[in-house]
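A.B. asks: One structure, as C-alpha cells, below. Some questions next.
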Amino acid sequence: MKILKYLFLLLLLSLVALTVFVATQKGVFSVERSKVINSSKATVYNYVNDFRNYEDFESWAVEDSTLQFTFPNKTVGNGGSFSWAGDEGTGNAITIQAKDGESIEQKMKYDGTEADVIWTFKDTLAGKTKVTWKAKGTMSFLFKIYAALNGGSDKVIGTIYEKSLVNIDKNLDYETKTYAVKVDGPVKKTETPYIKQTFTSEISKINKNARIVIPKLIHFSETNGLSASGKPFIIYHTYDTARGLAKISICLPINKEISTSSGSDILTGKLNAFDAVKTTLTGDYSHTNEAIAKTTAYINKEKITPELSWSHLEVLTVSKLDVKSPSKLITEIYFPVKPKIVPAAPTTVTPTEEPVYNSETGETTPSTKPAVAKPAVQKPAQKPVQKPATTPATTPPAEEDSEF
C-alpha cells in the first residue's frame, strides 16, 4: 500500500510541476510556413479565399472524420466566415480583409486559442505561386499543455500548415488539369428575356463578379414574382484581350418580359435568336482561352462567317454557385455567326416547237427542238452607285451602362 501511496504522490507532484511549468510559459505563439504551389496566383488566391474549400485541404479537417462544418451564405472575401464542431472542440474563422490576388487576413478561434492569420501570394517563375501562411496568437491553457508535450507550438501548428499546403498543391493540380473542351458545332440559340447588370470588368475578375451579381438577380426575381427560365449567362459585348477588359452583361433568364423602374441598377433585355457555334468547356474557367482558340479554328476551317457586332455568350450551366470543385464546372460558350446562304435551285429550260420544211413533199411539219438562248446584248457600262456604309445591327438589344 505504501508503494501505491508513493506512486500516487509522485504522479501528483509531477502533475503539479507540469502545471506550474506550463503556467509560467508564454501563451503567445508565432508560426510561419511557405510553399511554392504549382498553379497560377489567381487560382491559388481564389481557392484559399473561399472557406468552403478548407474542409478539403486543412490537414486537421481532412484527418478528423467527426468534424461538422457550417457555411453561411458568404464564405468568400471580406466578411466571409465558417465554423466547425467535432469531438476535439469547436472553432470559427472570419476574413477581415482580402486584397485581390495579394493577401488575406483572418481571425481564428479554437477552444480558447485565438490567432491572427495572414496569407500572402507571390508570382514565381513558370506560372507558379509562393504561398506564405503566418499566424500569431495566444494559446489556451489546454493547448499550452498539448504543445509542451508535443515539441512546442511551432512544431504542432507548423506541421498542420505544412501538410495543408501540400494538400492545396495536390488538390489544385488535379482540379485545374482535369478539364475537357468540345466544339459542338453550329446551333440555333432561341430568344430569351432576361434581367441584367451591365458594366466593364477586368477579364480576370468576370467570374468573381458573376458570383456577386447572380445572387442579386435571383433575389430580384424572387422578390418580384418572376421565375428563372434557365441558367445564368454572360453576354460579352466586347472582349479586349490586349487591355484585359470586357464590356459584359451578367444575366438571369426569366419567364416573361418586364419593365424595371427608373433608377434601378437591374435592367431588362431580350436576347434575340441567333445562329452560333457552340463549345462546351468542362473544368476550370482558366481554360476559357483554349476553348475560344479551338472555336475560332473550327469557324475558320469550316469557312463560317462570324458575326462581329458582338463577341460571344457564356452560359454557366454548372457554376461555382452550384459546386466547389473547379473540375466539375460546365460552361457553354456560343459564338455568333452569320447564317449560311442556300444557293437557288437551277431553272429548267422548256423546249419550243419550230416548223420543218420537207423538200420532197413540199409540206411543213412541226418539230420539237430545245430553245436556243440568244446572246445577251452588251449594254454600255455604267458607274456603280455608291451606297452609304452601314453598321450591322447588334443581335442583342442596345445595352445601357450601369455602375458595378
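The values are calculated or read from the model by the stated rules, or taken from the named source; none is laboratory data. Everything quoted here is computed from the prediction, not taken from an experiment. The accessibility values were calculated without ligands, DNA or RNA, using every heavy atom of the protein model including side chains. Shrake-Rupley method; radii C 1.70, N 1.55, O 1.52, S 1.80 Å.
A.B. asks: Any of K41/K294; K99/K328; K41/K320; K208/K328; K270/K338; K122/K182 with alpha carbons more than 22 Å apart? Name them for me.
C.D. replies: As for pairs spanning more than 22 Å Cα to Cα, those are K41/K294; K99/K328; K122/K182.
A.B. asks: Could you state the number of Å between the C-alpha centres of the stretch 271-324 and the stretch 78-117?
C.D. replies: 38 Å
A.B. asks: Once amide H atoms are placed 1.01 Å from N in the peptide plane, what residues at a sequence separation of 5 or more from T113, or on another chain, have their amide H within under 5 Å of its amide H?
C.D. replies: Under 5 Å from the amide H of T113: S140.
A.B. asks: Also, I was wondering about something else. Given a 1.4 Å probe, how much area per residue of the stretch 166-215 is accessible, in Å²?
C.D. replies: Each residue of the stretch 166-215 exposes 49 Å² on average to a 1.4 Å probe.
A.B. asks: Here is a further query. Please work out whether the stretch 155-219 counts as rounded, prolate or oblate from its C-alpha gyration tensor, where a ≥ b ≥ c are the square roots of the eigenvalues and a/c under 1.5 means rounded, while otherwise a/b larger than b/c means prolate and anything else oblate?
C.D. replies: oblate
A.B. asks: Could you work out the equivalent-ellipsoid semi-axes for the stretch 187-249, taking the square root of 5 times each eigenvalue of the Cα gyration tensor, largest first, in whole Å?
C.D. replies: They are 24, 15, 8 Å, listed largest first.
A.B. asks: If you don't mind, there's one more thing I want to ask. Against the empirical 2.2 N^0.38 Å scaling, what ratio does the C-alpha Rg of the stretch 250-293 come to?
C.D. replies: Ratio of Cα Rg to 2.2 N^0.38 Å: 1.69.
A.B. asks: OK, next. Considering just Cα atoms, how many Å³ per residue does the convex hull of the stretch 63-181 enclose?
C.D. replies: 147 Å³
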